[in-house]
Amino acid sequence: MMLHRFTDLCSIMDPGKPPKADKFAILSDATRLLNQLRLEAKKFKESNEALQEAIKNLKADKLELRDEKLRLKAEKERIEQMLKATRTAPQFIAQPTAATLHAVPVATYSKTIPYPNYLPADMWQWIPPAALDTSQDHVLRPPVA
């Protein structure tokens, strides 16, 4: 009965080879095989832990990228709204400062209205764009002779 178990153990460890009769050799081969399997199991466990850690890091990176994507999308929409607002709003030209007024002769401000308490300001910028269209002036306002 005991010899039968050693023969079974030998056939499991080395399938296809003739069974060994020496019990010591069978037990030493079984011990070597068990140690080898334990070492492989340990390597697989370490590899599994490393992969689990990598998965955890990748999930964290994925969440960060998703948050950044949402933030960038919101910023893009905000910038597009600002761009639409600047396209629809009339474009105002900044008034010149007092330092530039003194450096430029007064004759160059032909489109300004003289108010003693205010800096000269161009008035054409408040005229609607349709009124600035001069392509039909010769038809709408014929020259007076």
Taking the Cα-to-Cβ direction at Arg32 and at Asp133 and moving 7 Å from each Cα, how far apart do the two end points lie in nm? 9.8
1.4 Å probe accessible area per residue over the range 9-88, in Å²: 91
Using the Cα centre of the range 33-91 as origin and beta-carbon charges of +1 (Lys, Arg) and -1 (Asp, Glu), tell me which of Ala54, Thr88, Leu65 is placed farthest towards the positive end of the dipole. Thr88
Label-point gap, in nm, between Glu75 and Leu3 - each point 7 angstrom along Cα→Cβ: 8.3
Working out 0.36 nm times the residue gap between Trp126 and Leu65, then minus their Cα-Cα distance, what length gain in nm do you get to one decimal? 17.3 nm
Could you sort 26-33, 80-87 so that the peptide with the highest average Cβ count within 10 Å comes first and the rest follow in order? 26-33, 80-87
So how far apart, in nm, are the two label points at Ala25 and Ala41 if each is 7 Å from Cα heading toward Cβ? 2.8
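The values are calculated or read from the model by the stated rules, or taken from the named source; none is laboratory data. Keep in mind the model is a prediction, meaning the values are calculated, not measured. In this analysis, Cβ positions are derived from the backbone assuming ideal geometry, glycine residues included, and neighbour counts consider all displayed protein chains. These accessible areas exclude ligands, DNA and RNA; they are computed on the full protein's heavy atoms, side chains included. Shrake-Rupley method; radii C 1.70, N 1.55, O 1.52, S 1.80 Å.
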